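Written below as structure tokens is the structure these notes are about.
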Amino acid sequence: MTVSPDNEALRQVPTRREFWLSICVAALLTFGCGGNSNALTVFAASSMTDFLEELLIVEGPPEGSKMPLINTAGSGTLLLQIDEGANADLVILAGASHMEQLMAGNDFLPATPFAMTHLSIILSPDLMHSGLSFGDLWSGDLQGAMCVSSAPCGQLAARFGSAKGVNMEGLSREPNVRAVLTKVEHGDVDFGFVYETDFLSSEAEITEVPGAGAQGFSTTYYLAISKEAKDIAELRTMVNRITGKAGREVLLKLGFMTP
């Protein structure tokens, strides 16, 4: 269910939602979804893809509002894009440290936490019925994947590895959590570190590694409004939908927790 350019080449047949979101992302380079150059621009962590699809695209934007432009990538990549001059009206990042970096520029209003998820270790379809335990993952020739260290999912996986005393150096590093999920789904790697909500979103025949204790490692999502937002009233309507009842219902449906 990913729309990130980092992952697009790994996908084979896009779903209807993926196709529509890919158009929205590509429109960032032109005039915006629906041809509206005044549409609000949302930069969001890739693990928020399904949430934004459900809330803003499938259900449609709030009444009277334009369809927003949605750019998804790893939180570290989004910060780099903003640092290099990209404009975003609303930014949604995973991890307090990444949001603190955004706040340091003094270009955004104070951040609001609105969702949480935790770490999950998943097995590829070929290993779905293998009965492998966490210890088995490091006892043979299995290949794993995790996010790069600049991404919150990579930092969380590294913390987990350190706490468990396992060597994570042999794992491939992917640009964001959806790239890890895609590699596991396609069997390019045997296991991967993702968020629980990404595992739940998958339509592939993958499974979680039981008893690993990954659920003890969680991350929080924050949103922040740009001080230079195009339409602050419309943006606040969108934020109220994300943080209000409609947003909470979608979050819970997708397996997220609320702070």
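Taken over segment 104-125, the criterion of being surrounded by fewer than 15 Cβ atoms within 10 Å (Cβ to Cβ) and within 20 Å of Gly247 (Cα to Cα) is satisfied by Pro110, Pro113. When segment 137-170 is filtered for residues that are without any contact (Cβ under 8 Å) to a residue 40 or more places away in the chain and touching a helix residue (DSSP H, G or I) at 6+ places or on another chain (Cβ under 8 Å), the ones remaining, listed by number, are Ser149, Val166, Asn167, Met168.
Collect the residues in segment 179-212 that are hydroxyl-bearing (Ser, Thr, Tyr) and outside any strand (DSSP E or B), keeping them in residue-number order. Listed by number, the residues that qualify are Thr182, Thr197, Ser201, Ser202.
For segment 91-112, a residue qualifies if it is more than 15 Å from the chain's Cα centre (by Cα) and in a strand (DSSP E or B), and the qualifying residues are Phe108, Thr112.
Scanning segment 103-136 for residues that are touching a residue at least 24 places away in the same chain (Cβ under 8 Å), farther than 27 Å from Leu252 by Cα and in contact with a Leu (Cβ under 9 Å, 6 or more places away or on another chain) gives Phe108, Leu127, Leu132.
Name the residue, out of Leu127, Leu69, Leu79, Leu132, that is of a type in the set (A, V, I, L, M) and either in contact with an Asp or Glu (Cβ under 7 Å, 6 or more places away or on another chain) or at positive phi (or both). Give the steps one after another, and end with the answer.
Working: Leu69 fails: either in contact with an Asp or Glu (Cβ under 7 Å, 6 or more places away or on another chain) or at positive phi (or both); Leu79 fails: either in contact with an Asp or Glu (Cβ under 7 Å, 6 or more places away or on another chain) or at positive phi (or both); Leu132 fails: either in contact with an Asp or Glu (Cβ under 7 Å, 6 or more places away or on another chain) or at positive phi (or both).
Exactly one of Leu127, Leu69, Leu79, Leu132 is of a type in the set (A, V, I, L, M) and either in contact with an Asp or Glu (Cβ under 7 Å, 6 or more places away or on another chain) or at positive phi (or both), namely Leu127.
In the condition set (1) part of a loop (DSSP other than H, G, I, E, B); (2) farther than 22 Å from Glu53 by Cα, Gln215 is compliant with all but (1). Taking segment 186-224 as the range and being surrounded by 18 or more Cβ atoms within 10 Å (Cβ to Cβ), farther than 15 Å from Gly255 by Cα and out of contact with any strand residue (DSSP E or B) (no Cβ under 6 Å at 6 or more places or on another chain) as the test, only Asp190 passes.
To keep it simple, each residue is scored yes or no on (1) assigned by TED's automatic domain parsing to the domain that holds Asp50; (2) over 30 Å from Thr41 (Cα atoms); (3) touching a strand residue (DSSP E or B) at 6+ places or on another chain (Cβ under 9 Å).
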{"site": "Asp107", "(1), (2), (3)": "yes, no, yes"}
{"site": "Leu123", "(1), (2), (3)": "no, yes, yes"}
{"site": "Ser133", "(1), (2), (3)": "no, yes, no"}
{"site": "Gln155", "(1), (2), (3)": "no, no, yes"}
{"site": "Gly161", "(1), (2), (3)": "no, yes, yes"}
{"site": "Gly165", "(1), (2), (3)": "no, yes, no"}
{"site": "Leu171", "(1), (2), (3)": "no, yes, yes"}
{"site": "Pro175", "(1), (2), (3)": "no, no, yes"}
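Mind listing whichever residues of segment 123-161 are of a type in the set (Gly, Ala, Ser), farther than 28 Å from Thr72 by Cβ and assigned to a helix (DSSP H, G or I)? Scanning segment 123-161 gives a single hit, Gly135. Within segment 71-83, residues that are free of Cβ contacts under 8 Å to residues at least 40 places away in the same chain reach partners that are assigned to a helix (DSSP H, G or I) with beta carbons closer than 6 Å, at six or more positions or on different chains, in the pairs Leu79/Gln101.
The values are calculated or read from the model by the stated rules, or taken from the named source; none is laboratory data. Treat the numbers as computed from the prediction; the structure is a model and nothing was measured. Virtual Cβ from ideal backbone geometry, glycine too; neighbours counted across all protein chains shown.
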